[in-house]
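Any read-out appearing in this document is the output of simple, stated calculations on the displayed coordinates, not a laboratory observation. Everything numeric in this text was worked out from a predicted model, so none of it was measured. A quick note on method: Cβ atoms are made from the backbone with ideal geometry, for glycine too, and the neighbour counts reach across all protein chains shown.
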Amino acid sequence: MSRLRKVHIKSFGCQMNVYDSHRMADTLAPSGYRETASLDDADLVILNTCHIREKAVEKVYSEIGRIRTAKEAAAAQGRQMMIAVAGCVAQAEGEEIVRRADSVDLVVGSQNYHRLPELIARAGNGEKVVDTEFPVEDKFAVLAAPERTAIIKRGISSFVTVQEGCDKFCTFCVVPYTRGAEVSRPVKQIVAEVERLADAGVREVTLIGQNVNAYHGEGEDGAPSTLGKLLRRLAQVPGILRLRYTTSHPRDVDEDLIAAHGDLEALMPYVHLPVQSGSDRILAAMNRKHSRADYLAVVARLRVERPDLAFSSDFIVGFPGETEQDFRDTLSLVDDVGFAGAFSFMYSPRPGTPAAEIDDQVPPEEKAERLQRLQAVITRHQRAFNAQFTGREFDVLLDKPGRRPGQLVGRSPYLQAVQVIAPRSLIGRIARVTVTEVGSNSLFGALSGEPQAPQLIAAGA
Ligand code: SAM
Ligand code: SF4
């Protein structure tokens, strides 16, 4: 029996990192590690990092500085605290991290964390360990499965990575370099994971991938699957009431996926579909492989199949060479689609990406001004989207205790947070809720009917 030890994992960036952090904890559990929310009593601290924008990297180094203080305090008490850096900064910076921050014991890339127990053992013997080579083995095939108690603790909504990496090479993006080539997990492996989650009480699964709709994993019949087919299969898993997926690329939205939106009751009517810009000139310079018209056609096609479908997106402002007219094209695209929400970023030059080499960089103050203008338009649409629900009824999957005593918080089909007065016994159930008030960050509602019985029936087509 291994000695009980504590691991504190801090995740930066996207949902894929949140998922990876859970899987790191799962993989360390058989070696006796239990997760702790507190940094100070940890035997091992893992920073699961993001490299997508400049500040993220600097944040990691300042975080390492903060942890070093805790490490020194632990050493003064005769306790060893090991520091590991994982994720995309680890992948991109590698050896540089142990050179720049000598308190770091271990650097592990995003494809290698299944080796953590062995790497920690080596670091424990005083070696500075850096493992960022892309491995030949499939980490998902060897990672330890999550323990039931860990799943229960993580709540009724879970991410499941089904696809990793990217072959698209948008000129601004580091992902193809940090996460490597596109790889999809086999359907069988995903079904087994989702069944395990459902069995421990998970009711909503979000399939994730850098390009989730490029999914092409091996099907149960041995032929390549598609995301649409995978969603149809998962809708049959008893206990799974809701399915979502993110992040999609407009070019990879196929007829199969569109049809799934019409057919599957469990597939929620909310799609995150990054467009980045509304200008064809900029889209071409970004190597997005789709035009503004292509994007609008995909949105329209999906809305034919599922008229209430809501969209969110990602935008970059101030890409090199972006003119005021290009930027206005982005603003008008927001008006054309009427997004329910969106993330927007100032372009951040990433070393090693083609766009960073372009001379015509937009001055920082212009980027900041455009970001403000874009965010104002996005906020206007988000408010209008939310406002239309006042007095209306929809299904809410009740998730966890809310902000106030007696409240639960849940998610609408359109991913809005909804605060509802309801007993805790309804966590994990879908309730019919009437929206009574629309706030800036969440909606407020009242139960308007008998909640559905705890479903263990298939929630599919
Ligand atoms: N795969 C997704 C797609 O096709 O759009 C997104 C992946 S990326 C992790 C998330 C978002 O970060 C992107 O959609 C983009 O808006 C933003 N992003 C990526 N690189 C960036 C950069 N160099 N500067 C600013 N924002 C960036
Ligand atoms: Fe990055 Fe483009 Fe790939 Fe998305 S599609 S991960 S933005 S390279």
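Observations on the structure shown:
- Lysine-lysine proximity count for the stretch 1-73, Cα under 17 Å, sequence distance 8 or more or distinct chains: 4
- Between residue 365 and residue 255, the FRET efficiency estimated from the beta carbon spacing at R0 = 41 angstrom works out to 0.35.
- Highest-first packing order for the peptide set 310-320, 53-63, 338-348 is 310-320, 338-348, 53-63, based on the mean count of other beta carbon atoms within 10 Å.
- Point-to-point label distance, residue 324-residue 236, nm (Cα→Cβ direction, 7 Å offset): 5.9
- Descending principal axes extents, the stretch 12-76, alpha-carbon based, whole Å: 34, 29, 15
- Toward the positive end of the charge dipole of the chain, with +1 on the Cβ of Lys and Arg and -1 on the Cβ of Asp and Glu, the farthest Cα among 434, 170, 354 is that of 434.
- Computed over the chain, the per-residue total of -39500 (n - 2.57) for DSSP H runs of n ≥ 4 gives a 222 nm mean residue ellipticity of -10500 deg cm²/dmol, rounded to 500.
- Shown in residue order for the stretch 123-136 are the 3J(HN,Hα) couplings computed by the Karplus curve 6.51 cos²θ - 1.76 cosθ + 1.60 at θ = phi - 60°: 5, x, 8, x, 7, 7, 9, 10, 10, 10, 5, 5, x, 7 Hz (x for Gly and Pro).
- All-pairs Cα distance distribution in the stretch 370-452, expressed in whole percent, bin size 10 Å: 19, 49, 21, 9, 1
- Rounded to the nearest 0.05, the FRET efficiency derived from the C-beta distance between residue 297 and residue 134 at R0 = 30 Å is 0.25.
- Stokes-Einstein diffusion for the stretch 205-361 at 37 °C, viscosity 0.692 mPa s, with a Kirkwood radius from C-alpha pairs, works out to 196 µm²/s.
- The stretch 87-127-the stretch 1-47 distance, computed between alpha-carbon centres (Å): 14
- Orientation-averaged projected area, Cα convex hull of the chain (nm²): 22.8
- Karplus (6.51, -1.76, 1.60) ³J(HN,Hα), θ = phi - 60°, over the stretch 408-424, in Hz, Gly and Pro reported as x: 10, 10, x, 10, 6, x, 9, 6, 6, 6, 10, 8, 9, 6, 6, x, 4
- Theoretical gain in end-to-end length, residue 441 to residue 392 [0.36 nm per residue, Cα-Cα removed]: 15.9 nm
- Multiplying the residue separation of residue 122 and residue 336 by 0.36 nm and subtracting their alpha-carbon distance yields 71.5 nm.
- Full extension of the chain segment joining residue 400 with residue 287 gains 36.5 nm, where the gain is 0.36 nm per residue of separation less the Cα-Cα distance.
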